[in-house]
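Here is the structure we will look at, set down as structure tokens.
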Amino acid sequence: MSERGALRTRLEALAREVAKFGAVGAFGLLVNIAVFNLLRHTTDLQVVRASVLATFVAILFNYVGFRYWTYRERDKTGRTRELALFLLFSAAGAVIETGVLYAATYGFGWNTPVQSNVFKIVGIGIATLFRFWSYRTWVFKALPAEEAVRNAERFLEQRRPADEPVTPGPVRN
């Protein structure tokens, strides 16, 4: 496989990962907004507190989707570490998300239901970029063997002339 073909394969894999992450995130967004609006309209909670609770519910929903669908083929050892990192990075994302809503609500006085929803979604969008990077880099790590195979394939492809056919060697038991 050429360098261009390897790059294309990697980009296609990244596109699939982004699509799966986005699908889980879209459902998480619906959960987040639904719980947020339910709390805003049925309780006397302040807007930021309702947002924090809604975000927490969405985080739990997203963990299940990410672990069992988006990153199901990734390393499953060290679940305690994985969950701790997931919660840590999710909390950082919640701070980003809530910070945008807090600034809009208390900094600029934009507190109507429509404004609150708009700035909640803007905060979620910014936090999503951070979460995608942190989850794929630190939480749901690629399996070491999978990464080693990828590196070995790249190494072999660079050493073999492009016009030389690949012939299998003898099978040894």
query = Counting only heavy atoms of protein chains, what accessible area per residue, in Å², does the range 75-137 have with a probe of 1.4 Å?
reply = 53
message = So, R0 is 25 Å and r is the distance between the beta-carbons of V64 and A91; what FRET efficiency does that work out to, to 0.05?
response = 0.90
11 Å beta-carbon shell around G65, net charge (K/R +1, D/E -1) = +3
Probe 1.4 Å - accessible area at W110, Å² to nearest ten = 100
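What does the charge dipole of the range 1-100 about its Cα centre add up to, to the nearest 20 debye, if the Cβ of each Lys and Arg holds +1 and the Cβ of each Asp and Glu holds -1? Intermediate results must be reported in sequence, preceding the final value.
Working: 13 positive and 8 negative charges, 56 e Å.
Computed about the Cα centre, the dipole is about 260 debye.
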task = Could you look at the range 7-136 and say what percent of its accessible area is carbon and sulfur, using a 1.4 Å probe and all protein chains?
result = 72
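What's the local net charge at N37, with K and R +1, D and E -1, over the other residues with C-beta under 15 Å away? Intermediate values should be presented prior to the final figure.
Values: positive: R40, R49, K120; negative: D44.
Around N37, the charge tally is +2.
The values are calculated or read from the model by the stated rules, or taken from the named source; none is laboratory data. This structure is a prediction, so every number in the text was calculated from the model and none was measured. Positions of Cβ are backbone-derived with ideal geometry, glycine not excepted, and every protein chain shown enters the neighbour counts. Quick note on the areas: whole protein, heavy atoms, side chains included, nothing else; ligands and nucleic acids left out. Shrake-Rupley method; radii C 1.70, N 1.55, O 1.52, S 1.80 Å.
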